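Reviewing the structure listed below.
Every number here is computed from the coordinates shown, using simple stated rules; none is lab data. Since this is a predicted model, take the numbers as computed values, not measurements. Backbone-built Cβ (ideal geometry, glycine too); neighbour counts: all protein chains shown.
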Amino acid sequence: MKLCRGEAANLENLWAKLRSEAERLLEEEDGLRHLVEDVVLSRGSFSEALSARLGRRLAREDMPREMIEPLFAEIISANPAIAHACSRDLLAMFERDPACFSPLEPLLFFKGFMALATYRVSHQLWHDGRRWLALYLQSVSSEVFSTDIHPAARIGCGILLDHATSFVVGETAIIEDDVSILHEVTLGGTGKATGDRHPIIRSGVLIGAGSKILGRVEIGTHAKVGAGSVVLADVPPHTTVAGVPAIVVGEAKESNPAMEMDQHLNCYGSNI
């Protein structure tokens, strides 16, 4: 897995912030001590904490925690780009989600963050030729986090996956860096076609809740897809589309919709 474009988060600074937040959390809520000490305070790095959190959530009879947590630790340690990508995802959620009041919150509680982190490990396994294990992680992640991300899909970093429930990504989909996606979004195909058959989402795109983007269509840089839309054709950069099927309804007034998170459609002659 390659490092995403742009500067990755400073992992040492992020880790120091997470530990500080964990200590403050325990001052306020001692009932979470076992979780916080296990995932954060007993760990020496963000990568170790990430492996512990995923191990806790994804352990099953088929692969108990004493097996799955070392697997995550091994893959993340051997591929530093995974931790960097996850750090950018975490910061994207903290910076763009007004309901997120601490960078520790996604690591402990956000299934969108954990689903993306699991995908990043399964993606590496897929490219290492360990495809059965990659598919196993996809299956368990789907059960636990209510998302279904094929390990062969290509996803950049700085991704906000808000709420995450029912998020589906097909095998040949591409999502570039710095994209914001709400729940119940599908990046799917249109039938039995083989080859490149899933959408391409360019950087800076905002995809509203419930949207279905189907086929090898391209959502252009800094475009916006309105909630509940069904997109079957390419979307030009810096435009807003909505409807079933989706049509262009105006320009995206924001220079970067993914960062602004404004769900208004900005229709021609309207403030909708």
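A few remarks follow.
- Cross-linked pairs 212/253; 111/224; 17/212; 17/253: Cα-Cα separations exceed 29 Å for 17/212; 17/253.
- Close amide H partners of residue 169, meaning residues 5 or more places away or on another chain with modelled amide H under 5 Å apart, are 148, 149, 150, 187.
- The Cα-based radius of gyration of region 170-213, divided by its Kirkwood radius, gives an Rg/Rh of 0.98.
- Cα-based convex hull, region 166-272, per residue volume (Å³, whole number): 81 Å³
- Only one of (i) 0.98; (ii) 1.15; (iii) 1.09 was calculated from the structure for Rg/Rh (Cα atoms, Kirkwood Rh), and its label is (i).
- Signed unit charges on C-beta, dipole axis of region 166-272, positive-most listed residue 211, 239, 190: 190
- Each Cα pair under 8 Å and six or more residues apart adds its sequence gap; the mean of these over the residue count of the chain is a relative contact order of 10 percent.
- Rounded if a/c under 1.5, otherwise prolate or oblate - region 49-104, Cα gyration tensor axes: oblate
- CD proxy at 222 nm, helix term only [per DSSP H run n ≥ 4: -39500 (n - 2.57); per residue of the chain; nearest 500]: -12500 deg cm²/dmol
- Using the Cβ of residue 22 as centre and a radius below 14 Å, the other residues enclosed give a net charge of -4, where K and R count +1 and D and E count -1.
- Computed over region 204-246: relative contact order in percent, which uses C-alpha pairs under 8 Å that are six or more apart: 38 percent
- Relative contact order %, region 1-147, counting alpha carbon pairs below 8 Å whose residues are six or more apart: 24 percent
- Histogram of C-alpha separations across region 109-223, 10 Å bin width, %: 16, 50, 32, 2
- The HN-Hα couplings worked out from phi for region 236-241 by the Karplus form 6.51 cos²θ - 1.76 cosθ + 1.60 (θ = phi - 60°) are x, x, 6, 10, 10, 10 Hz, whole numbers, x standing for Gly and Pro.
- Close amide H pairs (under 5 Å, H built 1.01 Å from N) link residue 240 with 224, 249, 250, 251, 252, residues at least 5 positions away or on another chain.
- Inter-site label distance for residue 263 and residue 45 at 7 Å from Cα along Cβ, in nm: 4.0 nm
- In order along region 115-132, the Karplus-derived 3J(HN,Hα) couplings, from 6.51 cos²θ - 1.76 cosθ + 1.60 at θ = phi - 60°, round to 5, 5, 4, 5, 4, 5, 6, 5, 4, 5, 4, 4, 6, 7, x, 9, 6, 5 Hz, and Gly and Pro are given as x.
- The HN-Hα couplings worked out from phi for region 134-139 by the Karplus form 6.51 cos²θ - 1.76 cosθ + 1.60 (θ = phi - 60°) are 4, 5, 4, 5, 4, 5 Hz, whole numbers, x standing for Gly and Pro.
- Residue-count net charge about residue 210 - beta-carbon cut-off 15 Å; Lys, Arg +1, Asp, Glu -1: 0
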